[in-house]
Amino acid sequence: MGSRCVTVIRTGDVGRRSLMNHNADEFLAAAPGSGNRPVRVLLADDHTLVRAGIRSLVESIDGIEVIGETGDGAAVVQLVESQQPDILLLDLAMPNMHGIDIIKICDDRCPLTRVLVLSMHAESEYVREAMAIGAAGFLVKDSAPEELPVAIRAVVNGDTFVSPRVSRAMFDAPRRRSSDTADGGTGRRPLFTPRQRQVLKELASGQSTKQIAAKLGISIKTVETHRARIMQSLGINSANALVRFAIRGRYDAE
């Protein structure tokens, strides 16, 4: 999972198009290692009623099969290893084993299973930690029901889904830290210019170089220059690594 391209799939026009198109054929074609079987999903949440509601929503999506469910953290790992689901819908606050530990184990032992986190927490720290250790998506539990099939479809296709509200929290945190630094008179110099942070934000939102140029009112060449300088500053040479950095929101590191 760690080698997949990281993209934030947002709701809005893209989300509506995805919802209209989430038919069985698309899911079947996207299923890992399969061209003619449903996407197999395992549910993990310690609240029985919540789990039942999620199951009902998942089973209403064409091309999806719920192969099992559990409310116990330790049982999640056992089921993932024995059932090899395509997607694990995982609540972080699980008894007997925390969701973060489950993600680490699944990423190590069952790399073909993609983990989509379902959490009541929208704080950026939770999503950054989950994504850093191998989660393929992060969906807040109070999201609109129609976000679930969009998230599943994105994860099945090898992308990463982050709830829009979580994305906003991730982008706001670095801005607050930057403001605190400036007001506090610490004299620390941010690693990135304001324009570079804008480029990072748009990259994390899944925008192409051409789209970023149009939105910011600059040339494609200028966007490419900003990307190159950011990558040089970070010591990375992969576009995927740049997007992973952007989605984690660490724009003010020294």
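Look at ASP107, ASP62 and count the other Cβ atoms within 10 Å of each Cβ; fewest to most, that gives ASP62, ASP107. Cα convex hull, region 189-248: 75 Å³ per residue, rounded to a whole number.
First check a/c for region 41-126, with a ≥ b ≥ c the square roots of the eigenvalues of its C-alpha gyration tensor; if it is under 1.5, answer rounded, and if not, answer prolate when a/b is larger than b/c or oblate otherwise. The shape class here is rounded. In terms of surrounding Cβ atoms within a 10 Å radius of their Cβ, ASP101, ASP86, ASP159, ASP108 rank from fewest to most as ASP108, ASP101, ASP159, ASP86. Around the amide H of LEU118, modelled in the peptide plane, lie the amide H atoms of LEU90, ASP91, LEU92, LEU139, all under 5 Å away and 5 or more residues distant in sequence or on another chain. Can you tell me which lysines have their Cα less than 24 Å from the Cα of LYS221? Leave out same-chain residues fewer than eight positions away. List returned: LYS201, LYS210. A Förster radius of 30 Å combined with the Cβ-Cβ distance from GLU81 to ALA239 puts the calculated FRET efficiency at roughly 0.35. May I ask you to derive the FRET efficiency for SER56 and MET120 from their Cβ-Cβ distance with R0 = 25 Å, giving the value to the nearest 0.05? Efficiency at R0 = 25 Å is approximately 0.85.
Read the figures in this text as sums done on the coordinates, not as results from a lab. Model, not experiment: these values are computed from the prediction. All Cβ positions, even for glycine, are placed from backbone atoms using ideal geometry, and neighbour counts span all protein chains on display.
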